[in-house]
Amino acid sequence: MTDAPTGLRERPKSPHLTVWRWHITMLTSILHRATGAALYGGALIVAGWAIALASGPEAYGQYKALLGSPLGKLVMFGMTVAVFYHLANGVRHIVWDAGHGLDLRSANASSIAVFAFTAAATLAIWLIAGMTGAL
């Protein structure tokens, strides 16, 4: 006879946050997905802007006031960060798809480069907007 257990077997444990040690490429992957989802919200903001523009000066003025409020500026700043992060990380993925930069050192360096580009580009856009009176 066999000694096989007759009850339910214990299921194997899948990798989880408590099993994996956090690393920068893991963070960039999660943020890439999050910024991609946030950009859908940004598309709705742009669509609202176009609708307000087509609805006449009064509607456009109200929408512009909403986006010019402190909360609106915070949302627009976040959208700027999301656009530049998603762009930079997308370029990084294209490089990976070509088979380059897949070793650990290059992947970590490109992660840092993505964050650096995001910060520099976002700050540059907002500084230019401030200098031109767009804020």
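Laid out as a table, the results:
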| item | result |
| --- | --- |
| At 1.306 mPa s and 10 °C, Stokes diffusion of the chain via Kirkwood alpha-carbon radius, µm² per second | 86 |
| Label-to-label distance, nm, for residues given as N108 and T25 (7 Å Cα→Cβ offset) | 1.1 |
| In degrees, nearest ten, helix 70-97 long axis to first principal axis of the chain (Cα) | 50 |
| Length gained when the stretch I128-I45 is fully extended (0.36 nm per residue, less Cα-Cα span) | 27.7 nm |
| With at most 10 other Cβ atoms within 10 Å, longest stretch of the chain clear of loop trypsin sites (Lys or Arg not before Pro) (DSSP) | 22-135 |
| Dipole moment magnitude, nearest 20 debye, the chain about Cα centre, only Lys, Arg, Asp, Glu C-beta charged | 180 |
| At most 14 other Cβ within 10 Å, DSSP loop - chymotrypsin sites (Phe, Trp or Tyr not before Pro), the range 19-49 | W20, W22 |
| Cβ-Cβ FRET estimate between W96 and Y60, R0 fixed at 35 Å, reported to 0.05 | 0.25 |
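Every number here is computed from the coordinates shown, using simple stated rules; none is lab data. Computed from a predicted model, the values in this text were never measured in an experiment. For neighbour counting, all protein chains shown are included, and Cβ atoms are generated from backbone atoms with ideal geometry for every residue, glycine included.
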